[in-house]
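Values in this text are rule-based calculations from the coordinates and carry no lab data. Everything numeric here is computed off the predicted structure, so don't read it as measured data. Reconstructed Cβ throughout: ideal geometry from the backbone, glycine too, with neighbour counts over all protein chains shown.
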Amino acid sequence: MPDLSFKIEGAEVAKFTASPQIVFKLQLANADPAEQIHSVALRGQIQIEVTRRRYAAEEQEKLRDLFGEPDRWSQTLKNLLWTHVSVNVPPFQGSTVVDLPVPCTFDFNVGATKYFHGLGDGDVPLCVMFSGTVFYSQDGGIMQVAPISWHKEARFGLPVRVWRDMMDTYYPGSAWICLRRDIFERLYDYKVRQGIPTWEKALESILESEETVRS
């Protein structure tokens, strides 16, 4: 029965796709190099292991919305679920490398997006936990099916610059937020009543009013 191991060799921004993606270069290796793997229906859950890196003072400030005050981080710092992924691996013997597309979002209601945005540099510590089904045969025999063991995983340090490059590719010079419809309608009404031409100017007007009250 196949005994697969997994290793992420690198990551790059996916170009010319309909939605933002980062592509992981995933190596699969079978313990028995003579065994014929016909295909693998592979699934993965990507966790961000937030306790496996240090945070500068500026990063701590930006991550307060996610983890609270830094003096409570010993209690609040927990792994974050980033996303789920899947890929169909074509036939191979021994080992192979496939592209593993990872869907991304710039929605700041999502914890992983807040986390990536709060980092200045360095790597994002990831753990990908795999599951799925392997279709294989031995010595030219009939095709057999086996599950991927639940403990199979791969760790990887995703450079923060890859995330930033992806966002610059898909959202150049901008950020994206999702609003409740009633809040959007209030903002739209304010924009129209004030005769403000753009959404940026409308938000600037509100922020300037708030700063005036605070001062």
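What angle do you read, to the nearest 10 degrees and between 0 and 90, between the alpha-carbon axis of helix 199-214 and the longest principal axis of the chain?
Its long axis makes an angle of about 60 degrees.
Under a point spin-label approximation (7 Å from Cα along Cα-to-Cβ), what is the residue 175-residue 7 distance to one decimal in nm?
3.8 nm
Where does helix 160-170 land angle-wise versus the long Cα axis of the chain, in degrees 0 to 90, nearest 10?
Roughly 70 degrees, rounded to the nearest 10.
For the chain, what is the mean residue ellipticity at 222 nm derived from helices alone (per DSSP H run of n ≥ 4: -39500 (n - 2.57); sum divided by total residues; nearest 500 deg cm²/dmol)?
It lands at -8000 deg cm²/dmol.
At 0.36 nm per residue, minus the direct Cα-Cα distance, what do residue 49 and residue 214 gain on full extension? Give it in nm, one decimal, please.
55.6 nm
Among the chymotrypsin sites (Phe, Trp or Tyr not before Pro) within the stretch 99-208, which fall in a DSSP loop and have no more than 14 other Cβ atoms within 10 Å of their own Cβ?
For chymotrypsin sites (Phe, Trp or Tyr not before Pro) across the stretch 99-208 that sit outside H, G, I, E and B with at most 14 neighbouring Cβ atoms in 10 Å, the list reads 108, 150.
Only bridges whose two residues both fall in the chain count here: according to DSSP, what percent of them are antiparallel, nearest 5?
Of the beta bridges lying entirely in the chain, close to 100 percent run antiparallel.
Could you pull out the pairs from 7/62; 15/201; 114/191; 62/152; 15/114 whose alpha carbons sit more than 29 Å apart here?
Check vs 29 Å cut-off fails for 7/62; 15/201; 62/152.
If you stretched the chain out fully between residue 71 and residue 205, how much longer would it get, using 0.36 nm times the residue separation minus the C-alpha to C-alpha distance?
44.8 nm
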